[in-house]
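Asker: The structure under discussion is supplied below as structure tokens; questions concerning it will follow.
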């Protein structure tokens, strides 16, 4: 794979530098990513302004779709290719977290046609009647999605009526094997104090409480007040040992040697290992979150046929492979999985072992009282 080969070259070059130089390189990469994002954002804003006077639909064209997803969660070339093949323009809007996505969607400022979110948030959208049913029979490529992923989706979409799986993975611990003395197989390594100041937690309420709840032997979807408060006590006790609460940057800090370990998503762990071969990833034995992101059509969409064409396009093997190689998260598209090299299939960050997720759970929507309690405790935890 082109990206794989480029990563290998970068890894060999990266390994020749001293620690401080590695950090400088990563900082420059980050700055470059930000510049690219700013350019893309400027283009999107320009298009949004022009759309008022017809940018979104050319004369004789087939209209447009406004889609809502996470940043850098799709190869930009895929959007261009869809427009070239169908004549349908795509306006791509971004969000950082599921909670931010929900807030922006519910504000009504933009009428999104499709959105891509994660398990528990999709359940919330379904329960609130915000989505339209999808006709999988009209999607010739939906068969590329493996049966086990439809079963995963059934945890929040029982009849598989509203969502189409896009990416999936796990949440675990990325750590530097050269700086850890004992085997890492438990969440205990984050809470025992042995790596004070060297631990990075997720800047995500559900993900951080997940680690504490699973370590204590509880469900990550617990609605038990006593269990949630016990998790809070554990996290407050751990707080002095936490270097930072981060999202995407968590991986970069471990790659650069600025931290020994971090909670990261499996796809981030895979990419981190491409830059630093001393890093390893583990799904703790107590279990974790096996997450599933999926696409859906909102109730605001007035062209269901166009929306389903877009979803079917994403399920096509060549398109799914482009997105996989752009993001390197685990794909539910079995046609793509079958095309992977033996080395890629052997990497558990990309293709977890069958028993690795035995104690894992899909995140579901919490009861309102439990969600309010966790939000309150999260603010307390994050307060200076």
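Asker: At least 3 residues that are modelled with pLDDT of 95 or more in each: list the helices (runs of 4 or more DSSP H) lying fully within region 205-287 that qualify.
Answerer: Details: elements: 205-215, 225-238, 249-255, 266-275.
In region 205-287, 205-215, 225-238, 249-255 are the helices (runs of 4 or more DSSP H) which contain 3 or more residues that are modelled with pLDDT of 95 or more.
Asker: Suppose we keep only residues that are in a strand (DSSP E or B) and either under 15 Å from the mean Cα position of the chain (by Cα) or without any contact (Cβ under 8 Å) to a residue 40 or more places away in the chain (or both) within region 94-121. Which one would you say is nearest to residue 315 (Cα to Cα)? Write out each step before concluding.
Answerer: Residues of region 94-121 that are in a strand (DSSP E or B), as a first pass: 94-95, 114-118.
Next cut, either under 15 Å from the mean Cα position of the chain (by Cα) or without any contact (Cβ under 8 Å) to a residue 40 or more places away in the chain (or both) only: 94-95, 115-118.
Working: 94: 21, 95: 22, 115: 15, 116: 14, 117: 16, 118: 17 Å.
Filtering first and then ranking leaves 116.
Asker: Still on this model: Can you find even one residue in region 270-287 that is under 12 Å from residue 169 (Cα atoms) and not assigned by TED's automatic domain parsing to the domain that holds residue 154? So that I can check it myself, show each step before the final result.
Answerer: Residues of region 270-287 under 12 Å from residue 169 (Cα atoms): 270, 283.
Now restrict to residues that are not assigned by TED's automatic domain parsing to the domain that holds residue 154: 270, 283.
Checked region 270-287: at least one residue is under 12 Å from residue 169 (Cα atoms) and not assigned by TED's automatic domain parsing to the domain that holds residue 154.
Asker: Checking the condition loosely packed, with under 13 Cβ neighbours inside 10 Å and more than 27 Å from residue 100 (Cβ to Cβ), which residue from 343, 317 passes? If you could, list the steps in order and put the result at the bottom.
Answerer: Details: 317 fails: loosely packed, with under 13 Cβ neighbours inside 10 Å.
Only one candidate qualifies: 343.
Asker: Please find, among 200, 134, 173, the residue that is part of a loop (DSSP other than H, G, I, E, B), surrounded by 19 or more Cβ atoms within 10 Å (Cβ to Cβ) and touching a strand residue (DSSP E or B) at 6+ places or on another chain (Cβ under 8 Å). Walk me through it before giving the result.
Answerer: Details: 200 fails: part of a loop (DSSP other than H, G, I, E, B); 173 fails: part of a loop (DSSP other than H, G, I, E, B).
The conditions single out 134.
Asker: Moving to a separate point now. Return yes when residue 255 is over 23 Å from residue 383 (Cβ atoms), surrounded by 16 or more Cβ atoms within 10 Å (Cβ to Cβ), within 24 Å of the chain's Cα centre (by Cα) and touching a residue at least 24 places away in the same chain (Cβ under 8 Å) and no when it is not. Quick ask: steps written out before the conclusion?
Answerer: Values: over 23 Å from residue 383 (Cβ atoms): yes; surrounded by 16 or more Cβ atoms within 10 Å (Cβ to Cβ): yes; within 24 Å of the chain's Cα centre (by Cα): yes; touching a residue at least 24 places away in the same chain (Cβ under 8 Å): yes.
Considered against the rule, which asks whether it is over 23 Å from residue 383 (Cβ atoms), surrounded by 16 or more Cβ atoms within 10 Å (Cβ to Cβ), within 24 Å of the chain's Cα centre (by Cα) and touching a residue at least 24 places away in the same chain (Cβ under 8 Å), residue 255 comes out as yes.
Asker: Give the residue, chosen from 325, 348, 334, that is surrounded by fewer than 17 Cβ atoms within 10 Å (Cβ to Cβ) and more than 21 Å from residue 125 (Cβ to Cβ).
Answerer: Working: 348 fails: surrounded by fewer than 17 Cβ atoms within 10 Å (Cβ to Cβ); 334 fails: surrounded by fewer than 17 Cβ atoms within 10 Å (Cβ to Cβ).
Just a single option satisfies the conditions, and that option is 325.
Asker: Quick check, is residue 290 in contact with a strand residue (DSSP E or B) (Cβ under 7 Å, 6 or more places away or on another chain) and in a strand (DSSP E or B)? Explain how you work it out, then say what you get.
Answerer: Values: in contact with a strand residue (DSSP E or B) (Cβ under 7 Å, 6 or more places away or on another chain): yes; in a strand (DSSP E or B): yes.
For residue 290, the condition - in contact with a strand residue (DSSP E or B) (Cβ under 7 Å, 6 or more places away or on another chain) and in a strand (DSSP E or B) - is met.
Asker: Regarding residue 303, is this residue under 20 Å from residue 93 (Cα atoms) and buried (at least 21 other Cβ atoms within 10 Å of the Cβ)? I'd like the intermediate steps shown before the answer.
Answerer: Details: under 20 Å from residue 93 (Cα atoms): yes; buried (at least 21 other Cβ atoms within 10 Å of the Cβ): no.
The answer is no for residue 303.
Asker: Follow-up question, since we're still on this one. Residue 148 is checked against (1) assigned to a loop (DSSP other than H, G, I, E, B); (2) not assigned by TED's automatic domain parsing to the domain that holds residue 358 and fails just one. What number does that condition carry?
Answerer: That leaves (1) as the condition not met.
The values are calculated or read from the model by the stated rules, or taken from the named source; none is laboratory data. Predicted, not measured: the structure shown is a model, and the values here were computed from it. Cβ atoms come from the backbone with ideal geometry, glycine included; neighbour counts cover every protein chain shown.
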